[in-house]
C-alpha cells in the first residue's frame, strides 16, 4: 500500500506564517510547490527589474523545495508561470527552459496585474510526481 503521509516543507519565507502556507507539500508520490518568487534566503528580492534573473531564481527556489521533498526537476509534470508584463515572456521562458528543459513539463504563462511585492515580475509554481 502506498505511503500517503503528508509532509509540509517550509522555506522560512516571511509570508509563510502570515498567509499560512508551506513552500511545498508532499503526499505519497505527489508534490505541490507553492508559487515561488525571486527572493533570497533572507526574503530579499533578487534581480530587481530583470525578468530573466527573477525567473531563474524562481526555478532555483523550486529546485530546492523539490530536493527537500525527495524529488528532482525531472519529476515536475506541470508549472504555472505568472508574469506582470507578458512582453517579457521570452526572458522568462529562457530561464524556465534552462531549468526544466531536460524533462519539459506542461505549463501555462499568464499575465497578472501584480504580485505580492510590486517589484516582482514573475512567480512560478510546480507540481511533481515521483514515479521511480
Exercise. Keeping to the range 1-31, report how many residues are surrounded by 18 or more Cβ atoms within 10 Å (Cβ to Cβ), farther than 13 Å from residue 68 by Cβ and touching a residue at least 60 places away in the same chain (Cβ under 8 Å).
Key: 0
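Have a look at 120, 109 and point out the one that is part of a loop (DSSP other than H, G, I, E, B), modelled with pLDDT of 95 or more and touching a strand residue (DSSP E or B) at 6+ places or on another chain (Cβ under 9 Å).
Values: 109 fails: part of a loop (DSSP other than H, G, I, E, B).
Every option except 120 fails the conditions.
Name the residue, out of 47, 43, that is in a loop (DSSP other than H, G, I, E, B) and surrounded by fewer than 16 Cβ atoms within 10 Å (Cβ to Cβ). Step through it out loud before you land on a result.
Numbers: 47 fails: surrounded by fewer than 16 Cβ atoms within 10 Å (Cβ to Cβ).
Criteria check complete, one pass: 43.
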Quiz item: Would you say residue 57 is without any contact (Cβ under 8 Å) to a residue 24 or more places away in the chain, within 21 Å of residue 109 (Cβ to Cβ) and in contact with a helix residue (DSSP H, G or I) (Cβ under 9 Å, 6 or more places away or on another chain)?
Solution: yes
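From 126, 65, grab the single residue that is surrounded by 17 or more Cβ atoms within 10 Å (Cβ to Cβ), within 13 Å of the chain's Cα centre (by Cα) and part of a strand (DSSP E or B).
From the options 126, 65, the qualifying one is 126.
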Practice problem: State whether one or more residues within the range 82-94 are over 13 Å from residue 122 (Cβ atoms), in a helix (DSSP H, G or I), at pLDDT 95 or above and within 14 Å of the chain's Cα centre (by Cα). | Solution: no
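The values are calculated or read from the model by the stated rules, or taken from the named source; none is laboratory data. Computed from a predicted model, the values in this text were never measured in an experiment. FYI the Cβ positions are ideal-geometry reconstructions off the backbone, even for glycines, and counts take in every protein chain you see.
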